[in-house]
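Step one of this worksheet: look at the structure below.
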Amino acid sequence: MAFEGLTERLQNAMKTLRGKGKVSESDLRETMREIRLALLEADVNFDVVKTFVKTVRDRAMGSKVLDGLNPAQQIVKIVNEELTKTMGSDASELNKSPKIPTIIMMVGLQGAGKTTTAGKLANKLKTEQHARPLFIAADVYRPAAIDQLEQVAKQIDVPVFQLGTDVDPVEIVRQGLAKAEADKNDYVIIDTAGRLQIDEQLMDELANIKKLANPTEILLVVDAMTGQNAVNTATGFNDKLDITGVVLTKLDGDTRGGAALSIRAVTGKPIKFVGEGEKMSDLDTFHPDRMASRILGMGDMLTLIEKAQQVSDEKQAADLEQKMRENSFDFNDFLDQMDQMNKMGGMESIMKMIPGLANNPALANAQIDPKDLAHMRATVYSMTPQEREHPEVLNPSRRRRIAAGAGRPVQEVNRMIKQFDQMKKMMKQMSNGNMGALDQMVPG
Ligand code: GDP
């Protein structure tokens, strides 16, 4: 899981402050030393760490934080805010050209995920804006590259302009743009060649494509798993091409966090999107504040809610929100939620976005195997309407009756009721928002 080590170490660093009504300067120094080590270990750029630690320390010392109310919480808040700032504060939108087509040039080293990301981006534009993108296949060095782009394009039903591998990439782009103009495509996504390392010849070629196409966006795709190398790559491409933004891929892997936390500060260019899987739908807008919460183990509620909205209709979402507020979540909702969670990528991927649950080992085994879903459904169906709406009436004799009715062991029914209670608790946390998680992190 991404940032696992960093999250754990940051939480440990802040544990030193736990339960302290008063935080002394030496407590703060100790915490900051731990935070510094945690960041360095996560492969965050040295200068970025230095600036970060200094800023947090100055803010904590400068205001009345240490003498004020709940200093530990205040410090967590400062850390959260500064992490957010380091990553650029606000989400950066994709720029759009005033006249069509908007030209997006995808660049990056081989294997970073350029072609996959080109597909994801086209898919996003299609689904969110009903756009009609065209791909231009400008990687002529690997015949497989064009095939791969064709395959990706087929999945999402987007046309590809290609002239094989014997034509100069600049010429391919020229003809591709003419084709887009004739077909009135509103977006053109140019998939360019990658190398294993930055080399002059490639950079010259990309610069020539840039000169011809005058793209609105030059998106550099970098692999988050490569840490500081990703940052160096970004610097190299930016020096030569003046990129407009970065896409950080493979955040679903166990990346340490260095790339996410350093790229903006080092290059001055925003991370615009993050890739979190191999599927065409696995591309999310990068929100520095949400990422900071996630790094601190405080979850990423907003992304979760957005994902929920994608799989449920508006009325359902509004109903659920009301139930969460009223704390009247019942077994009927439980069944609905189980179904939706499966659609959203399963319990595990959801739990890590929820404040307080993100790193809560006690709840790690609240995971639900999709094949148990049918059993759960049978169990809920064996309840009377009253039991479904008022789970508190489920005493042992009712539980035995339900188990017999569903043909499941009573222990399983008990387990499910426990899971239900956990989910209800989680819903309550969600409706309380992030501050609940801050409290959890540093009680007192
Ligand atoms: P390119 O050489 O830069 O065009 O890279 P590709 O698009 O071929 O991607 C290289 C590999 O990384 C492929 O196996 C992709 O499926 C995989 N990949 C790309 N983005 C992601 C991501 O966000 N998460 C994961 N897990 N894999 C990714």
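The values are calculated or read from the model by the stated rules, or taken from the named source; none is laboratory data. All figures in this text were calculated on a predicted structure; none of them were measured in a lab. Heads up, the Cβs are rebuilt from the backbone with ideal geometry, glycines too, and the neighbour counts pull from every protein chain shown.
No other residue among 346, 407, 433 is on the phi > 0 side of the Ramachandran plot and modelled with pLDDT of 85 or more apart from 407. Of all residues in segment 115-128, one or more are away from the ligand (no atom under 16 Å from the Cβ), assigned to a helix (DSSP H, G or I), on the phi < 0 side of the Ramachandran plot and modelled with pLDDT of 95 or more.
Cβ-Cβ contacts under 6 Å between residues 6 or more apart (or on different chains), taken from a first residue in segment 370-398 that is without any contact (Cβ under 8 Å) to a residue 40 or more places away in the chain to a second residue that is surrounded by 17 or more Cβ atoms within 10 Å (Cβ to Cβ) and among the small types (Gly, Ala, Ser), are listed as 378/406; 379/406; 382/406. Of the residues making up segment 196-222, those that are surrounded by 14 or more Cβ atoms within 10 Å (Cβ to Cβ), more than 26 Å from the chain's Cα centre (by Cα) and of a type in the set (D, E, K, R) are 205, 210.
The set of residues from segment 129-163 being within 12 Å of the ligand (Cβ to nearest atom), aliphatic (A, V, I, L, M) and not in a strand (DSSP E or B) comprises 144, 145, 146, 149, 152.
Within segment 279-293, one or more residues are within 28 Å of residue 11 (Cα to Cα), away from the ligand (no atom under 16 Å from the Cβ), modelled with pLDDT under 95 and not in a helix (DSSP H, G or I). For residue 377, are the conditions met, namely being in contact with a helix residue (DSSP H, G or I) (Cβ under 8 Å, 6 or more places away or on another chain), crowded, with 17+ Cβ neighbours inside 10 Å and modelled with pLDDT of 70 or more? Spelling it out, it is not the case that residue 377 is in contact with a helix residue (DSSP H, G or I) (Cβ under 8 Å, 6 or more places away or on another chain), crowded, with 17+ Cβ neighbours inside 10 Å and modelled with pLDDT of 70 or more. Among the residues of segment 117-136, some residue qualifies, meaning at least one is under 30 Å from residue 49 (Cα atoms) and crowded, with 22+ Cβ neighbours inside 10 Å. Which numbered condition in (1) under 20 Å from residue 215 (Cα atoms); (2) surrounded by 14 or more Cβ atoms within 10 Å (Cβ to Cβ) is the only one that residue 93 fails? Only one criterion is unmet by residue 93, namely (2). When segment 226-265 is filtered for residues that are β-branched (Val, Ile, Thr), within 14 Å of the ligand (Cβ to nearest atom) and either touching an Asp or Glu at 6+ places or on another chain (Cβ under 8 Å) or within 21 Å of residue 297 (Cβ to Cβ) (or both), the ones remaining, listed by number, are 249, 255.
Only residues that are in a loop (DSSP other than H, G, I, E, B), at pLDDT 95 or above and of a type in the set (D, E, K, R) were counted across segment 194-235, and they come to 0.
Restricting attention to segment 260-287, the residues being out of contact with any Phe, Trp or Tyr (no Cβ under 9 Å at 6 or more places or on another chain), of a type in the set (A, V, I, L, M) and more than 18 Å from residue 82 (Cβ to Cβ) number 1.
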